[in-house]
1. What are the residues in region 170-204 that are more than 17 Å from residue 111 (Cα to Cα), modelled with pLDDT under 95 and not charged (D, E, K, R), if any?
2. Return a yes/no flag: does region 352-359 have any residue that is buried (at least 16 other Cβ atoms within 10 Å of the Cβ) and either assigned by TED's automatic domain parsing to the domain that holds residue 308 or part of a loop (DSSP other than H, G, I, E, B) (or both).
3. Within region 320-368, can you find the residues that are among the polar types (S, T, N, Q) and farther than 30 Å from residue 239 by Cα?
4. Please work out if residue 328 is surrounded by 14 or more Cβ atoms within 10 Å (Cβ to Cβ) and assigned by TED's automatic domain parsing to the domain that holds residue 415.
5. For region 362-372, does any single residue satisfy the condition of being part of a loop (DSSP other than H, G, I, E, B), away from the ligand (no atom under 11 Å from the Cβ), at pLDDT 95 or above and under 52 Å from the mean Cα position of the chain (by Cα)?
6. Kindly establish whether residue 357 is over 21 Å from residue 249 (Cα atoms), within 16 Å of the ligand (Cβ to nearest atom) and of a type in the set (Phe, Trp, Tyr).
7. Name, by its number, the condition in (1) over 20 Å from residue 490 (Cβ atoms); (2) within 12 Å of the ligand (Cβ to nearest atom); (3) of a type outside the set (A, V, I, L, M, F, W, C); (4) under 52 Å from the mean Cα position of the chain (by Cα) that does not hold for residue 394.
Amino acid sequence: MWLHEAGGVTGFSGVAAGQAQAANRQSTHIGDLMQTTHRGRKTSCLVTGTSTSLPPFRNGAGHMFHYDHRLMNAEEMFKKSNFLLKESLRIACIGSYKLDVRSLLWKSSEELDNIFGIDKGYVRSLQGWIDLVHPQDAEMIGQSLRKKLLGQRTSFNHEYRIVRKSNGETGWVRHIGELTHGRNGKVASMVGTVQDITERKRNENLLKKSRQRFERMAETVPAVLYDYVLNPDGTNRFTYMNRRCKEIYGVDAEEIIADSGKLWTLVHDDDRCLVRDEDNRCNKAGTGLILEHRIITPQGELKWLHIESRPSPTAPETPATWSGFIVDITERKATEEKIRHMAHHDSLTGLANRALFSDRLQNALSSAERDGCSSALMALDLDLFKPVNDQFGHLVGDALLKEVAQRMVGCVRDSDTVARIGGDEFVVLLRNVAGEKEALAVAEKIRATLEQPFIAAGHTVRISCCLGLALYPVHGEDGLALHRHADDALYRAKKDGRNRVRLCEPLANYSPALARAVISSG
Ligand SMILES: Nc1nc2c(ncn2[C@@H]2O[C@H](COP(=O)(O)OP(=O)(O)OP(=O)(O)O)[C@@H](O)[C@H]2O)c(=O)[nH]1
């Protein structure tokens, strides 16, 4: 009410209030508000000294009324705030209730009725409430409610499922209740709110399912999956890492999450610079990182890892999140290495094959040209190898070839290359030889070594060989020419009776005796 009766309570000043106590009126001051009972009717007005500007008017019973603007504003504000509160509760899906402990009956707001889907006629007893709870939660909620009401606790806070009376749909509510106590200290009632949280629960459930799905997949993927935060000041930490970490790094993910530096200590010494430089480069550029490097696990295992990582877009000078995966590629690297080895080596003896030899020769000739050095190419062919095969069989022949290879490798330096280019044909590259004498000495050493008896697959086998020798740059300035001249020299050695070394013309008249003389002189 923002109207009051003229001559009664309208325009009350302190004096008017005193007059109002007269006759059949009873007045009570509540701050600036005064409640008046006049002829059995209760009315409220503001006690104010200001006069009204609107003209008074008379009602049907002949009573005169004045407008009081302050009262009008207060009532309007109350209505407004009441409306706002109701609207807020409706939007937030919050209903309220009061449960009387003695009668175990409750009163509810309109919003609470909407949440439960009940109408005015619904029996609002304690059992009536429990009947609205989902059967799977009803016992727990019933027990809890009774406990609270028996005064064992002072508040009630539960999330539980309900079955809406109106349509039988299952929903979720958050129920908060506070107990109020009477003067005797006993629980008098429970007042509280019920919020419909079905939507939130649905989202939580979806989120939970999606997280579970991700976790399942993360544990299936044969890779370390991670999230890594890099702060502008350079500090960093892993915020997520799946359990594959233990398998790949030999360290628990929790350990890495607690201290990202632990990962750094595992990086192979020879790869540290590469990893650091690449990491810095990608951090600065904000581009994805793709990297392969080695680690040594705490168990001493050497592993190859492949890392791919991408930053999420962030504003400058804010922490950047990098998400990525790490795969153990040790096996792949070993296979690659094997394939590479097979492509460049002879499968029987393990020596370089023709392709690798050509590469090395090319390389040696280039550096020899640059440094003004000499290199030598030797062609070697076993003498009468066919009869060995014929006499002892191919297995013995194979074993002999392997032994021959070993002995040849033993006669040269690590920087030299011995290759098998045919059945019983070999070539040797000597890098940085001082000259013909030195090259002849090595050739003679090989010839003499192979002359010694072999034990091949349990058989004692004797064999010899012929060697043809050509030197860079005196006998040829490219690989082809050197090969041709070395082959010519080898051919002459065969023709001259086998088991001998021949140097490219004009030093064609070479013999083991001469070679021995060369070795002893030089
Ligand atoms: N056991 C074995 N034998 C092979 C292999 N490759 C080629 N051969 C054999 O090696 C022999 C090579 O013989 P030749 O080069 O013709 O002649 P040789 O008996 O060495 O006679 P000269 O070279 O004239 O002294 C052939 O019988 C081939 O079958 C191999 O991988 N293993």
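The values are calculated or read from the model by the stated rules, or taken from the named source; none is laboratory data. Predicted, not measured: the structure shown is a model, and the values here were computed from it. Don't worry about glycine lacking a Cβ; one is built from the backbone with ideal geometry, like all the others, and counts go over all protein chains shown.
1. Those that are more than 17 Å from residue 111 (Cα to Cα), modelled with pLDDT under 95 and not charged (D, E, K, R): 179, 180, 181, 182, 184, 185, 187, 188, 189, 190.
2. Yes, region 352-359 has at least one match.
3. Within region 320-368, the subset among the polar types (S, T, N, Q) is 321, 323, 330, 335, 347, 349, 353, 358, 362-363, 366-367.
Hits for region 320-368 are 335, 347, 349, 353, 358, 362, 363, 366, 367.
4. Considered against the rule, which asks whether it is surrounded by 14 or more Cβ atoms within 10 Å (Cβ to Cβ) and assigned by TED's automatic domain parsing to the domain that holds residue 415, residue 328 comes out as no.
5. Scanning region 362-372, I find no residue that is part of a loop (DSSP other than H, G, I, E, B), away from the ligand (no atom under 11 Å from the Cβ), at pLDDT 95 or above and under 52 Å from the mean Cα position of the chain (by Cα), so the answer is no.
6. For residue 357, the condition - over 21 Å from residue 249 (Cα atoms), within 16 Å of the ligand (Cβ to nearest atom) and of a type in the set (Phe, Trp, Tyr) - is not met.
7. (4)
Matching residues to (1) within 45 Å of the chain's Cα centre (by Cα); (2) within 18 Å of residue 93 (Cα to Cα):
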| position | (1), (2) |
| --- | --- |
| 122 | no, no |
| 135 | yes, no |
| 146 | no, no |
| 159 | yes, yes |
| 165 | no, yes |
| 174 | yes, yes |
| 180 | no, no |
